[in-house]
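The values are calculated or read from the model by the stated rules, or taken from the named source; none is laboratory data. In this text the structure is predicted, and so the values were computed from the model without any measurement. No Cβ is skipped: glycine too gets one built from the backbone with ideal geometry, and neighbour counts run over all protein chains shown.
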Amino acid sequence: IKENKMFTKEQIESLNKELDSKRVKNRSKGNINLSYLEGFDIFETANSIFGFGNWSYTITKLEQVSQEYNQNENVVLCYKAIVNLKIYNQTHTTFIEKEDVGFGTGISKTLADANESASKEAVTDAIKRAFR
């Protein structure tokens, strides 16, 4: 990224830095190993690079896509979220935006807890993907 009216020189340097491998987490899902960045890490990094109040998101769609019960009789809900992300320049005179989709699964004994978990995970996933 080159210096422009959108980003400062310092922001561009931060955005061009190689990702610190210590930030990358791993987990297994089924027979697949996944690498990911945690939501709070993305939010803290965005605040550090762009500044508090210089980025925002809007949930443009949040929908439940499935509801099942597993072998332990837990509710298993899946949600899909579409998020619109805006990043503003330092003077809020211009912005860039990106939209992306995220997916979340919630597993719990109660429908309410599964809903909360799945919806939050879907929104966080969509935000992380939009920041790519």
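For (1) out of contact with any helix residue (DSSP H, G or I) (no Cβ under 7 Å at 6 or more places or on another chain); (2) within 22 Å of ILE12 (Cβ to Cβ); (3) not polar (S, T, N, Q), each residue gets a yes or a no:
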position	(1), (2), (3)
TRP55	no, yes, yes
VAL65	yes, no, yes
TYR79	no, no, yes
SER108	no, no, no
ALA112	yes, no, yes
SER117	yes, no, no
GLU121	yes, no, yes
ALA126	yes, no, yes
PHE131	no, yes, yes
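Does the stretch 103-124 contain at least one residue that is closer than 15 Å to THR60 by Cβ, of a type in the set (A, V, I, L, M) and assigned to a helix (DSSP H, G or I)?
The answer is yes; a qualifying residue exists.
Name the one entry in ILE42, ILE49, ILE1 that is under 18 Å from ALA130 (Cβ atoms) and at pLDDT below 90.
Exactly one of ILE42, ILE49, ILE1 is under 18 Å from ALA130 (Cβ atoms) and at pLDDT below 90, namely ILE1.
Here is a yes/no grid of residues against (1) closer than 24 Å to MET6 by Cβ; (2) surrounded by 15 or more Cβ atoms within 10 Å (Cβ to Cβ); (3) of a type outside the set (Val, Ile, Thr); (4) in contact with a strand residue (DSSP E or B) (Cβ under 9 Å, 6 or more places away or on another chain):
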position	(1), (2), (3), (4)
THR93	yes, no, no, no
GLY102	no, yes, yes, yes
ILE107	no, yes, no, yes
ASN115	no, yes, yes, yes
LYS120	no, yes, yes, yes
ASP125	no, yes, yes, yes
ARG132	yes, no, yes, yes
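Residues that are under 18 Å from the mean Cα position of the chain (by Cα) and surrounded by 16 or more Cβ atoms within 10 Å (Cβ to Cβ): which strands (runs of 3 or more DSSP E) entirely in the stretch 1-87 hold 3 or more of them?
Working: elements: 25-29, 32-36, 55-69.
So the answer is 55-69.
Can you confirm whether LYS98 is of a type in the set (Lys, Arg) and either over 20 Å from LEU37 (Cβ atoms) or in a strand (DSSP E or B) (or both)?
In short, yes.
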